[in-house]
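Visitor: Dropping the structure in here first, questions after.
The values are calculated or read from the model by the stated rules, or taken from the named source; none is laboratory data. Predicted model only: the values in this text are computed from it and were never measured. Cβ placement follows ideal geometry from the backbone for every residue including glycine, while neighbour counts extend to all protein chains displayed. Side chains are part of the model used for accessible areas, which takes the heavy atoms of the whole protein and leaves out ligands, DNA and RNA. Shrake-Rupley method; radii C 1.70, N 1.55, O 1.52, S 1.80 Å.
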Amino acid sequence: MTATSLPPNSAPRVRVRVNRLVLYTVLVSLTGLFIGPFGWLILNGLKTSAELAASPVHWLPATFQWQNFADAFNLIDFLGYARNSLIIALIYAVLVTLSSAWVGFGFARLEAPGKKTLFGILIGSMMLPQMITLLPTYLIFAKLGMVDTYWPWVFWGLAAAPYLVFLFRQFFAGLPRELEEAAIVDGCGYGMIFWRIFLPQSWPVLSASFVIAFTWSWGDYIAPQLLLSTDKSTLAVAVMTTYVTSAGTPVANLQAAASVMYVVPILLIFLIAQRGFVAGMSTTGLK
């Protein structure tokens, strides 16, 4: 009597396909949710002022007004303001990333009395809104003669950022203790251990911290508006304050077009830094 082969059970395959379909549906929905506002901004930049003011809402422009982007670029010194934003963002992002890495290394690998208390105070400072420290910060920089200069961003960068310190502290705390023990046996101090061993291992956190810090500075409106004159101000301030009519009414379609161009550098920085997340994985260095 020969054994008959049973048909394969198709239930697991169906379950896998259903789970995959649900996953793709959720991902597509979330993608639309995140991209939707940016797409709406692009559409507003391609409309006329009358279409933006129309009721009910015109979802699509009757004719794509590509000239809005050229007008938004030419009506102000767009490249000059973008250069100011880039200088400030790079200064702050580089300095705050390195200083936060150094502080995070200290909290993760060094022992000192009151370390946990200090770390708790540092994390608690993240709950302070910027508005509380805005006036005292301005008064300090005014007394030091640093208003209308880029020195405030230098000092902010050197002071580290609590959230970035937390990221580096968590990353450095997970690295094996044998790394620094072997270095100490070879005669390395903690400064050399940080620069030659721990910092090269932290490329994923360095990339993420740089992108986060660059985004903070590039998108900051309040500090440049408060501390800088018009000539030294940033693109964020220019986009919000210069596209107005003679009566002071904002020109919304030009603001939308300028905002699209304003967002592009952030997208490029993120796409470039994305490679660092893969190429600088800590496990690759440890191998």
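Visitor: Under 14 Å from a point placed 7 Å out from the Cα of residue 245 along the Cα-to-Cβ direction: which residues of the range 49-74 have their backbone N that close?
Guide: 49-54
Visitor: Which helices, counted as full DSSP H runs in the chain, have an axial Cα extent of no less than 24 Å and a Kyte-Doolittle average of 0.0 or above?
Guide: 11-45, 78-109, 252-279
Visitor: Another question about this same structure. Going by a ≥ b ≥ c, the root eigenvalues of the Cα gyration tensor, does the chain fall in the rounded group (a/c under 1.5), the prolate group (a/b larger than b/c) or the oblate group?
Guide: Oblate is the answer for the chain, as a/c is 1.5 or above yet b/c matches or exceeds a/b.
Visitor: Test of understanding: in a Gaussian network model of the chain with alpha carbons linked when under 10 Å, which of 79, 23, 33 would top the mean-square fluctuation ranking?
Guide: Maximum among the listed residues: 23.
Visitor: Taking amide H atoms as placed 1.01 Å from N in the peptide plane, list the residues 5 or more away in sequence, or in a different chain, whose amide H sits under 5 Å from that of residue 244.
Guide: When sequence neighbours closer than 5 places are left aside, the close amide H contacts are 251.
Visitor: Related question: Given just the C-alpha atoms of the range 135-287, how large is their convex hull per residue in cubic angstrom?
Guide: Dividing the Cα hull volume of the range 135-287 by its residue count gives 146 Å³.
Visitor: Tell me which aspartates and glutamates have Cα within less than 13 Å of residue 232's Cα, excluding those fewer than 8 residues away on the same chain?
Guide: 77, 148
Visitor: Mean residue ellipticity at 222 nm from the helices of the chain, using -39,500 (n - 2.57) per DSSP H segment of n ≥ 4 over the full residue count, to the nearest 500 deg cm²/dmol?
Guide: Taken over the chain, the calculation gives -22000 deg cm²/dmol.
Visitor: Measure off, as a whole percent, the carbon and sulfur share of the 1.4 Å-probe accessible area of the chain, all protein chains present.
Guide: Roughly 69 percent of what the probe reaches on the chain is carbon or sulfur.
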